[in-house]
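What follows is calculated from the coordinates using simple rules that are stated; it is not laboratory data. The structure displayed is predicted, hence computed values, not measured ones. Every residue, glycine as well, gets a Cβ built from its backbone with ideal geometry; the counts of neighbours run over all protein chains shown.
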Amino acid sequence: MQLTVGRIVRPHGVRGEVLVDVRTDDPEIRFATGAVLSTAPVGVGRLTVEYARGRTVAAGRVRLIVAFAEIADRNQAEDMRGTELSVDAAELVDPEDPDEFHDQQLVGLTAVDADGATLGEVVRVDHLPASDLLAVRRPDGHEALVPFVTALVPEVRLAAGQVVLTPPDGLLDL
């Protein structure tokens, strides 16, 4: 399973550097010089045959402007626009903070209410600027988005395969 750690937003300069939208709590590890990231185009990315080819981080800066060893100029960087960057989930260490989770730990959990009634299944985690959202597939097939905040998700029970939701009336019906 691949875990997305960033997305190439656009080229930066003329030497092949790219601006990356970071989706990891450990950018200093994930984007360290020598790290190899798998690539998969999304949206406007124009890669075809090489889409799953890894890219080796050559350098990175605080704003997370990244240079890849395989990208030499702005034209090649432009071709990477929209490309998802990921690492193998098997390489990850479980978070030390009990309130922190990797996406793959949450996907597949059964969403239940405080009384234990099934509300659906977590099918993905969306990372937005304001907060992360749990995408919950409801029993009727529609998908509800629940902000991943303590007020609405007071408990994650990994061992039981459950996430407890306390949504306000109507949230799951949107």
Could you tell me which of rounded, prolate or oblate describes segment 103-165, using a ≥ b ≥ c as the square roots of the eigenvalues of the alpha-carbon gyration tensor, with rounded for a/c under 1.5 and, failing that, prolate when a/b is larger than b/c and oblate otherwise? rounded
Quick one: Cα convex hull volume of the chain, Å³ per residue? 134 Å³
Compute the distance from the alpha-carbon center of segment 153-174 to that of segment 109-143, in whole Å. 7 Å
Ranked from highest to lowest mean number of other Cβ atoms within 10 Å per residue, what is the order of the peptides 123-136, 18-31? 18-31, 123-136
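Taking square-rooted eigenvalues a ≥ b ≥ c of the alpha carbon gyration tensor, is segment 1-44 rounded, prolate or oblate, where a/c under 1.5 means rounded and, failing that, a/b exceeding b/c means prolate?
Note, shape of segment 1-44 comes out oblate.
In percent, what relative contact order does segment 103-165 have, based on Cα pairs under 8 Å that are 6 or more apart in sequence?
31 percent
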Counting only DSSP beta bridges fully inside segment 103-165, the antiparallel percentage to nearest 5 is 85 percent
Note on the chain: contact order normalised by length, alpha-carbon pairs under 8 Å, 6 or more apart, percent, works out to 18 percent
Helix-derived mean residue ellipticity, 222 nm - over the chain, DSSP H n ≥ 4, -39500 (n - 2.57), to 500: -1500 deg cm²/dmol
Indicate the gyration tensor shape class of segment 65-119 (rounded, prolate or oblate), computed on the Cα atoms with a ≥ b ≥ c the square roots of the eigenvalues: a/c under 1.5 is rounded; otherwise a/b larger than b/c is prolate and the rest oblate. prolate
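Out of all DSSP beta bridges with both ends in the chain, state the antiparallel percent to the nearest 5. Mind dumping the intermediate values first?
Numbers: 39 of 42 bridges.
Once the DSSP bridges in the chain are tallied, antiparallel ones form about 95 percent.
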Once the Cβ-Cβ distance between Arg74 and Glu100 is put in as r, and R0 is 41 Å, what FRET efficiency do you end up with, to the nearest 0.05? 0.65
